[in-house]
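S.K.: Following this message is one structure expressed as structure tokens.
All of the numbers you see were taken from the coordinates with simple rules; none came from a lab. These figures come from a predicted structure and were not determined experimentally. All Cβ positions, even for glycine, are placed from backbone atoms using ideal geometry, and neighbour counts span all protein chains on display.
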Amino acid sequence: MEYSNTISRREFLKELGILGAGILATTSPWLSAFGEISHTNNERCRIGLIGPGSRGQFLLSFLKKNPKVEIAAFADIYQPSLDEALKAVPTAKAYKDYRKLLDDKSIDAVVIATPLNTHCQIALDAFDAGKNVFCEKTIGYSMEDCLKMYNKHLETNKIFFSGQQRLFDPRYIKAMAMVHDGVFGPVNCVHAYWNRNGDWRRPVPSPELERHINWRLYKEYSKGLMTELACHQLQVGTWALGKLPQKVMGHGAITFWKDGREVYDNINCIYTFDNGEMMTWGSDISNKFYGLEEQILGNLGTIEPERGKYYFENIDPAPAFLQMINEWENKLFGAMPFAGTSWAPETANENHGEYILGKRPETDGTSLNLDAFVEAVVTNKQPERIAEEGYYASLLCLLGHEAITSGTILDFPNEFKIDYPSYNTKAIKES
Amino acid sequence: MNNITITPKRQKTEIITLIICFVISFGLNAYAIIAYNAPAKELITSIFYVITFAIALYAAWTILRLLILPLKNILLKSNKNK
């Protein structure tokens, strides 16, 4: 089988460049999952994929390439998804009921990529059946669901990963190491947004399948943008700031796509921290001009990890010759009544920033996230913080959603706080 | 097609004009470096801007000369007629 796991890992570590093991252990401790990768070449992990729909098949495309993985079975209530999955792995078994898949004792782990409202029960059943669990984010439909899942993971001592792929994205890992090392000064603000211009609908073969296929648009199944998009990005904010927010407020509305959907198409939330730091998250799906980004703002610089770049606040001035020409232009056009001073161009160099990895981004971390899960399963070692990061990312989305629907400022509820040691880093100490 | 002959004198004039434009441009860069407290290495690193400015100056001067030339010819003719 053609596979590049060792190469990709080597590339991965190479991309992290000069970062030492100590820095990585502090800023991204879950990378310990790769610690024994060369000793596990003969190990195999039998995986069952529950929910081989669009996201499930995306995950399958990476799992198939891993020589340590054997795709043993699929489970889905929707036959076309099962048929598609079987085309990719004809030797796998197919079930309509995921519990039959869980009955297969030879399966070591399950990957859950079903609609959000089903995650919790499937994950609980999987843990009870002795399976290790990789669950797509958001992990649970409610905060209670998330806590139940996390506690079940602790109780059964089984591996628990969520699909927070940015935790394994070399851009983010390196950016966070720089943030935690104080390169950009104390981080006071994180602006995250994800804008699209589309109705977010999938084609439906017959009307009775509308809610099953477009489940993201209906409250019964999902909480919309907060649980499907925000979960990717809110975790980046807490990763950068190294702590959890204390309060959440927000507003959401259906302003453009009034097509029968029940979830908001326009959202903004503010999360505030103990020292007054803020994290905002917004999404409008009627305009894609600004796309998606997490802007991490320190007093010395800015990081835009999605773009793969960082920018320092103080940059070298333009060459003296250009400054002089520019001053002449300012004097000439600034003095002309028809032009006005605002016409005169600025002298400052445009700040094009630097690539975090020295080149354009190539991967989003999904394959490495899955590789790390497989390694954790074969070594039976739960990497530090990985379950907690997934848990809190989910909680922040759900809390944001609750703040929006209740129209109130919510405190982070104590009953849902789990052990989450703060990142012991230079930037955080300074702030 | 008529051959256009550029005399050695004309060539020399144009080269000298271009050199003068470059010297002016280079001098302006030196002045700017002093005026804006920029590092001296900009004498080299800004050479592309200096060359560009020198060419622009040469072009502007050439356009000016092309505009002046017909006027000059008219004035010379009218003087001869007198």
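S.K.: Using just the helices of chain A, give the 222 nm mean residue ellipticity in deg cm²/dmol: DSSP H runs with n ≥ 4 each add -39,500 (n - 2.57), and the total is spread over all residues, rounded to 500. Each step should come with its number before you reach the end.
M.R.: Details: 14 runs with 152 residues, N = 431.
Value at 222 nm, helices only, nearest 500: -10500 deg cm²/dmol.
S.K.: Here's something else I'd like to know. As a check on your grasp of the helix formula, calculate [θ] at 222 nm for chain B: sum -39500 (n - 2.57) over DSSP H runs of n ≥ 4, divide by the residue count, round to the nearest 500.
M.R.: -28500 deg cm²/dmol
S.K.: Turning to a different aspect of this structure: Would you mind calculating the relative contact order of chain A from Cα pairs under 8 angstrom and at least 6 residues apart, reporting the percent as a whole number?
M.R.: 22
S.K.: If you add up the charges near A:Gly301, with Lys and Arg at +1 and Asp and Glu at -1, over every other residue whose beta carbon is less than 11 angstrom from its beta carbon, what do you get?
M.R.: In short, -2.
S.K.: Given a Förster distance of 56 angstrom, what is the FRET efficiency for B:Thr45 paired with A:Phe289, based on the Cβ-Cβ distance and rounded to 0.05? Could the numbers behind the result be given before it?
M.R.: Numbers: r = 36 Å, r/R0 = 0.65.
It comes to 0.95.
S.K.: Could you check the spin-label model distance between A:Asn299 and A:Asn157? Points 7 Å from the Cα along Cα→Cβ, value in nm.
M.R.: So the label points at A:Asn299 and A:Asn157 sit 4.8 nm apart.
S.K.: For the range B:10-81, take the alpha-carbon Rg, divide it by the Kirkwood Rh, and send me Rg/Rh.
M.R.: So for the range B:10-81, dividing Rg by the Kirkwood Rh gives 1.22.
S.K.: What's the angle, to the nearest 10 degrees (0 to 90), between helix B:47-81's Cα axis and the longest principal axis of chain B?
M.R.: 20
S.K.: Quick check: the distance between the Cα centres of the range A:356-395 and the range B:1-26, to the nearest angstrom?
M.R.: Value for the Cα centre distance between the two parts: 67 Å.
S.K.: What does the extension gain come out to for A:Lys219 and A:Asp419, with contour length at 0.36 nm per residue minus their alpha carbon separation?
M.R.: My answer for the length gained is 69.0 nm.
S.K.: Cα atoms only: what Rg and Dmax, in Å, come out for the range A:192-277?
M.R.: Answer for the range A:192-277, Rg first and Dmax second: 15.5, 52 Å.
S.K.: Residues with amide H under 5 Å of A:Gln246's amide H, sequence separation 5 or more or different chain, H placed in the peptide plane at 1.01 Å from N; which?
M.R.: A:Thr272, A:Phe273, A:Asp274
S.K.: Summing Lys, Arg as +1 and Asp, Glu as -1, what charge do residues with Cβ under 12 Å from the Cβ of A:Thr272 carry, A:Thr272 excluded?
M.R.: Values: positive: A:Lys243, A:Lys247; negative: A:Asp274, A:Glu277, A:Asp411.
Neighbour charge sum, excluding A:Thr272 itself: -1.
S.K.: At q = 0.25, 0.26 Å⁻¹, what is the base-10 log of I(q)/I(0) for the range A:201-242 according to the Debye formula with one equal point scatterer per Cα and no solvent? Please give it to two decimals.
M.R.: Treating every Cα as an identical point scatterer, log10 I(q)/I(0) equals -0.81, -0.84.
S.K.: Please give the residues of the range A:278-300, grouped as numeric ranges, whose backbone N is less than 13 Å from a label point set 7 Å along the Cα-to-Cβ vector of A:Phe256.
M.R.: A:283-292
S.K.: Going down the table (A:Lys65/A:Lys158; A:Lys152/A:Lys223; A:Lys100/A:Lys131; A:Lys174/A:Lys309), which pairs top 19 Å between alpha carbons?
M.R.: A:Lys65/A:Lys158; A:Lys152/A:Lys223
S.K.: If you count, for every residue in A:324-332, the Cβ atoms of partner chains within 10 Å of its Cβ, what is the mean? All intermediate terms of the calculation are to be shown ahead of the outcome.
M.R.: Details: counts 8, 4, 0, 3, 0, 0, 0, 0, 0.
Neighbouring Cβ atoms belonging to other protein chains average 2 per residue here.
S.K.: I'd like the orientation of helix A:143-156 relative to chain A: the angle between its Cα long axis and the longest Cα principal axis, in ° from 0 to 90, rounded to 10.
M.R.: The answer is roughly 60 degrees.
S.K.: Computed over the Cα atoms, what is the radius of gyration of the protein assembly as shown divided by 2.2 N^0.38 Å, N being its residue count?
M.R.: 1.34
S.K.: Still on this structure, I have one more. Taking A:Lys381 as the anchor, which aspartates and glutamates have their alpha carbon closer than 13 Å to its alpha carbon, excluding any fewer than eight residues away along the same chain?
M.R.: Cross-link targets: A:Glu36.
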